[in-house]
Amino acid sequence: MELKTLIEVSIAAAIKSGILIGVLLTSFAYMTLAERKVVAWMQVRIGPNRVGPFGFFQPVADGIKLFLKEELIPAEADRVLFILAPIITVIPALVILAVVPFGPAVDICLPATLSIPFEWGACYKVPLAVSDVNVGILFITSIASIAVYGIVLAGWSSNNKYALLGGMRSSAQMVSYEISMGLAMVGPVLVAGSMSLQRITLSQEKLWNVVTQPIGAIVFLLAILAEVNRAPFDMPEAEQELTAGYHTEYSGMKFALFFMAEYIKMVAVSAIATALFFGGYLGPFLNDVPSWLAGILGVIYFSAKTIFFLFCMLWIRATLPRLRYDQLMRFGWKVMLPLALASIAITAVFMAIAG
């Protein structure tokens, strides 16, 4: 690759990365408000409505409160790991969406005044993804597994037996359900013949993968609930047993980072589910309009599908009770894993027959 082309690609990736991180941080803030509003609506309560119109500025007030709260580190804690643990947990949530396409590639023509490093008046075809790599599925599974280290280190470094037990239980849960989640991704890979999220999305132009692989889709949707520790799989918050799980000793912004990771991962796994099984950015009229309008439509379709899954997560939290830990592990190993393997086998047989 020529130096000039490398610079252009790097600048475009940096701009898209900045936009993506900004969107994720904003979505984290307002997912906290959306959860409280939706659950209050479902439980016939009012919800937050004091800070700003309809409580719109409640996330800002919460952020200021957490910034101003005193941060305590237990005297016997491992200070370095105690500080690193929330950082290790939140970074994978921010970078996991780098390979997910949010819309079709759009044509962008730059004015002649922007000459360095881009050419005068040149037009570029810009994909609406930070990077389209041909091993996107491997990238997602490898990045998702890193968050386990942050949770284990948070429980261990606190030097608190309840936090340690919470970290061990949560990490065992995540590892168990990551296996089913990873196997559920194999079906779309077989259908598309590629691990690129862009090609997997385009392979659903005629029929979404949820129709051809309903078992894999159900397994994936259930696994991502456990992966992000959401109800009814929210074992870290089983207060009657573990006080508050692996983040018992955390306060202030360190405490906020764990919840930032949880809510951002909610957005991330909903977006990944959209790309894998529900057509991604594909929708009506996408091929009948100019490139720039197709890009806007694609982002709207993708966002609408992602928001639907986020709403379903809040709905589940408001309606289903928490499972016991033995029920959770039994369900993961004795139900989810066999179903995921069966889905792969059925898909492989049909692909072999059709091919």
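Throughout, read-outs are computed from the coordinates displayed, never taken from laboratory work. Here the structure is a predicted model, which is why all the values come from computation and not from measurement. Cβ atoms come from the backbone with ideal geometry, glycine included; neighbour counts cover every protein chain shown.
A few points about this structure:
- Degrees, to the nearest 10: 136-157 long Cα axis against longest axis of the chain: 20
- Tilt relative to the chain, helix 161-184 - C-alpha long axis, 0 to 90 degrees, to 10: 30
- Interchain or long-range residues, amide H under 5 Å from residue 106's placed H: 126, 128
- MRE, 222 nm, helices only [DSSP H, n ≥ 4, -39500 (n - 2.57), over the chain, to nearest 500]: -21500 deg cm²/dmol
- Over the range 203-355, relative contact order from alpha-carbon pairs under 8 Å, at least 6 apart, %: 33
- Between the range 211-226 and the range 311-355, the C-alpha centres lie 6 angstrom from each other.
- Under a Gaussian network description of the chain, with springs only between Cα atoms under 10 Å, the residue in 36, 324, 50 that fluctuates furthest is 50.
- Largest GNM mean-square fluctuation among 302, 67, 311, using the chain with Cα springs under 10 Å: 67.
- If R0 is 25 Å, the Cβ-Cβ spacing of residue 108 and residue 307 corresponds to a FRET efficiency of close to 0.40.
- When the chain is treated as a GNM with alpha-carbon contacts under 10 Å, the residue of 52, 216, 136 showing the greatest mean-square fluctuation is 52.
- Average Cα contact separation per residue, the range 3-354, under 8 Å, 6 or more apart, as relative contact order %: 23
- Using the Stokes-Einstein relation with a Kirkwood hydrodynamic radius computed over Cα pairs, the translational diffusion coefficient of the range 3-354 at 10 °C and a viscosity of 1.306 mPa s comes to 73 µm²/s.
- Cross-link pairs exceeding 26 Å in C-alpha to C-alpha distance, out of 16/265; 16/65; 16/206, comprise 16/65; 16/206.
- Globularity ratio of the range 223-348, using Cα Rg and 2.2 N^0.38 Å: 1.33
- Relative to the longest principal axis of the Cα atoms of the chain, helix 214-227 runs at roughly 50 degrees.
- Segment residue 65-residue 40, extension gain: residue separation times 0.36 nm, minus the distance between their alpha carbons: 6.8 nm
- Virtual spin-label span in nm between residue 159 and residue 50, 7 Å along Cα→Cβ: 3.8
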